[in-house]
Amino acid sequence: MPDRTPFALPGSGRVAEIAPDPLVPGAWVLSIEGAEQSHVDLGDPADLFYDYVRRIGAAIDHLATPGRPLRTVHLGAGALTLARYLQATRPGSEQLAVEDERGLLEAVTSRLPLPAGTRLTVHEGDAADVVTALLSGGGEWVGSADLVIDDLYRGITTPPHLTTAEWYADAARLLAPGGVLVVNIADDDGLPGLRSRLAALAPSLPHRLVLGPTSVLTDARAGNAVVLASRDPAVLALADDLRRAGPHPSAARDARHVDSPTPADGIPTPKGR
C-alpha cells in the first residue's frame, strides 16, 4: 500500500500527496498544493484516466508498429503515467524524464513503483535548461527521439518561456527524422493559447495535427487540446484513426483548419488539466 502521508517537496517546499482514487480501485492520484497532477493505475498502467492523457496514449499507439519500443522524452513527468504506459504497451522503450519539481520523481517512484523492466533516466530542473544542456553536450538524445511529450505546467499554467518558437525549435532538435512532438495545451474559451502555440510550433515543425473534444475544436470552448507536430507530413495521415480512437466526442484536425471563433460572451474560463 503506497504511503498516503502528504510530503513537502525539497526544491520548493510545496506539499504533495498521493491518495487513492475513490472511483477506480487500485488507482492513485498525485496532487500538488491540492491541484491534481497525475493519475496512476498500478494494477493496469495501460489504463489511462484523464481525457487528454488518453488522447496522448492513442497517439502513442498509432505512431509506429504496435509493440515497437519508442525512444521517448517526457518534458514534465508528474507521476510518470505515460512512462508507465509506454513500458506496458511498448516494453523496452528507452525513456528520459525531465521534471522541474525537485524531489518529486524520487518520492513518486518510492510510493508508486515503476513497472518491472522500465528503462528510465531522470533529469531534474527547468525543461529549457535541461534541453539546452542535452543539445550543447551532443549526447545520445540529440536527434534520436521518436517521441517528445511536452506537458509542462506549474500548477495549472505553463511558464511563458516554454511556449515560444525558440523553445519549440530546441525541443524539435531532440527528434529523430519522422519524430513527433506532442504538446498538451489547457486553454480558455476562444482558444487563444492553442492558436498561439500552433504559430510558435510552425517554423520548426510545420505539420501539426490537433486532437481534442469536439467542444474544444468545434465550439472553441475551454479544455485541453493535444497537438502532434512533426517535420514529416505523415503525422497528418493519423487524423482519422485518432479521431476514431477517442475519447468521444472527438475531433482531429490539421492545424491549418482549426477554427478559432471568439465566444459570444467574451468571458474566458479558467484553465484546467
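Summary of values
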quantity	calculated
Test: residue in the stretch 154-165 that is more than 25 Å from Gly103 (Cα to Cα) and either aromatic (Phe, Trp, Tyr) or surrounded by fewer than 19 Cβ atoms within 10 Å (Cβ to Cβ) (or both)	yes
Positions within the stretch 239-249 being in contact (Cβ under 8 Å) with a residue 40 or more places away in the chain and either in contact with a Gly (Cβ under 8 Å, 6 or more places away or on another chain) or outside any helix (DSSP H, G or I) (or both), in sequence order	Gly246, Pro247
Residue among Ala133, Ala64, Ala79 that alone is surrounded by fewer than 16 Cβ atoms within 10 Å (Cβ to Cβ), among the small types (Gly, Ala, Ser) and touching a residue at least 60 places away in the same chain (Cβ under 8 Å)	Ala64
Any chance Pro91 is modelled with pLDDT of 95 or more and closer than 24 Å to Met1 by Cβ	no
Long-range neighbours under 9 Å by Cβ, at least six apart or interchain, first residue touching a residue at least 12 places away in the same chain (Cβ under 8 Å) and closer than 16 Å to Ile156 by Cα within the stretch 36-55, second assigned to a helix (DSSP H, G or I) and among the aromatic types (Phe, Trp, Tyr)	Val53/Tyr85
Evaluation of Ala220 against (1) assigned to a loop (DSSP other than H, G, I, E, B); (2) under 13 Å from the mean Cα position of the chain (by Cα) (one fails), failing number	(2)
Strands (runs of 3 or more DSSP E) fully within the stretch 3-104 counting 3 or more residues that are of a type in the set (A, V, I, L, M, F, W, C) and over 29 Å from Tyr168 (Cβ atoms)	15-20, 27-32
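The values are calculated or read from the model by the stated rules, or taken from the named source; none is laboratory data. Source: prediction; values computed, not measured. Note that each Cβ is placed from the backbone with ideal geometry, even for glycine, and that neighbours are counted across all protein chains shown.
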